[in-house]
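The values are calculated or read from the model by the stated rules, or taken from the named source; none is laboratory data. Being a predicted model, the structure only gives us computed values, none of them experimental. Neighbour counts are summed over all protein chains in view; Cβ atoms, including those assigned to glycine, are modelled from backbone coordinates with ideal geometry. What goes into the accessible areas is simple: the full protein's heavy atoms, side chains included, and nothing from ligands, DNA or RNA. Shrake-Rupley method; radii C 1.70, N 1.55, O 1.52, S 1.80 Å.
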Amino acid sequence: MVEAVIWDFGGVLTTSPFEAFARYERERGLPKDLIRSINAANPDNNAWALFERSECTLDEFDRLFASEAAALGHEVPGRHVIELLSGDIRPEMVEALKRCKARAKVGCITNNVSAGEGTGMARSHDKAAAVQAVMSLFDHVIESSKVGIRKPDPRIYEMACEALGVSAASSVYLDDLGINLKPARALGMTTIKVVTPEQALKELEAAVGFPVA
């Protein structure tokens, strides 16, 4: 029996920042997936990792990311990347969250940074308010920028289960990144990779055994 459904935020309950990254790269004539490749290099200690663990300031991230981009021959200020992070809320996913909440515990594990407004790093007050309305639905939220641990560190999934009072084996976890799903699956969670809302909701419904859409 599923006791908890645990959600990633960006790219799951909101549109993926990767879409914004791709648009930025096209507009500036940069190589496809440049930003993602920079973030994937030295994943435990690069600028992105440091910022998500609150081990550097926004100004420091701006410089560090720019240096990593420059090493590859391109100009990408870190501040530009941060401005691309806040996606649009997916109403159908929020509805699924509400239906899960009616029957199980719900939690959120999000890798975020101390920039923008609120948990979702919004660039406007209205968007921040909309994000906060979604966040208020969760029984517990874990933010990497506050706990100093980021996915895919197994400890962050264990923290979520402990906070919700459930076992990993009785939990479902949704994320848009396979690298973040692997440790959750190793702990015993049922995992769902969110490629599209339609696909994810179909898999979620099968996992929990009740309608979510």
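Alpha carbon centre of region 39-115 versus region 149-174: separation in Å?
Centre-to-centre (Cα) distance: 19 Å.
Taking the Cα-to-Cβ direction at SER114 and at GLU162 and moving 7 Å from each Cα, how far apart do the two end points lie in nm?
Calculated label separation equals 2.3 nm.
Enumerate the calculated ³J(HN,Hα) couplings along region 85-91 in order (Karplus 6.51 cos²θ - 1.76 cosθ + 1.60, θ = phi - 60°), each rounded to whole Hz, writing x wherever the residue is Gly or Pro.
Result, ordered by residue: 6, 7, x, 8, 5, 9, x Hz.
Thinking of region 18-138 as a set of Cα atoms, what percent of all their pairs are more than 18 Å apart?
Of all Cα-Cα pairs in region 18-138, 57 percent lie more than 18 Å apart.
Please compute the length gained on full extension between ILE89 and PHE210, using 0.36 nm multiplied by the number of residues separating them and subtracting their Cα-Cα distance.
Extra length from ILE89 to PHE210 when fully extended: 41.3 nm.
Report, in deg cm²/dmol and to the nearest 500, the calculated mean residue ellipticity at 222 nm for the chain, where each DSSP H run with n ≥ 4 adds -39500 (n - 2.57) and the sum is divided by the residue count. Write down the numbers at each step before the final one.
Values: 11 runs with 100 residues, N = 213.
Result for the chain, helices only: -13500 deg cm²/dmol.
Just want to confirm a number: the relative contact order over the chain, from Cα pairs under 8 angstrom separated by 6+ residues, in percent. Could you put the intermediate results ahead of the total?
Details: 358 pairs, mean separation 55.5, N = 213.
About 26 percent, as a whole number.
Give the carbon-plus-sulfur fraction of the accessible surface of region 1-147 in %, rounded to a whole number; probe 1.4 Å, heavy atoms of protein chains only.
On the way: 3430 of 6920 Å².
Using a 1.4 Å probe with all protein chains present, region 1-147 comes out at 50 percent carbon and sulfur.
Which pairs in the list LYS32/LYS151; LYS32/LYS182; LYS146/LYS202; LYS127/LYS182 are over 27 Å apart, alpha-carbon to alpha-carbon?
Going by Cα-Cα distance, LYS146/LYS202; LYS127/LYS182 fall outside the 27 Å limit.
Decide, for region 35-100, between rounded, prolate and oblate: order the square roots of the alpha carbon gyration tensor eigenvalues as a ≥ b ≥ c, take rounded if a/c falls under 1.5, and otherwise choose prolate if a/b is larger than b/c, else oblate. Show your work: numbers first, answer last.
Details: a/c = 2.53, a/b = 2.22, b/c = 1.14.
The shape class here is prolate.
When the Karplus curve 6.51 cos²θ - 1.76 cosθ + 1.60 is applied with θ = phi - 60°, which whole-Hz ³J(HN,Hα) does each residue of region 34-41 get, with x for Gly and Pro?
Calculated HN-Hα couplings, in order: 4, 4, 5, 5, 5, 5, 7, 6 Hz.
Report, by chain and number, residues whose modeled amide H sits under 5 Å from the one on THR14, excluding near sequence neighbours (fewer than 5 apart, same chain).
Amide H neighbours of THR14, under 5 Å, 5+ apart: ARG90.
Report relative contact order for region 67-185 in percent, whole number only (criteria: Cα-Cα under 8 Å, sequence separation at least 6).
21 percent
What is the helix-to-structure angle for 197-208, meaning the angle in degrees between its Cα long axis and the longest Cα principal axis of the chain, kept from 0 to 90 and rounded to the nearest 10?
40 degrees
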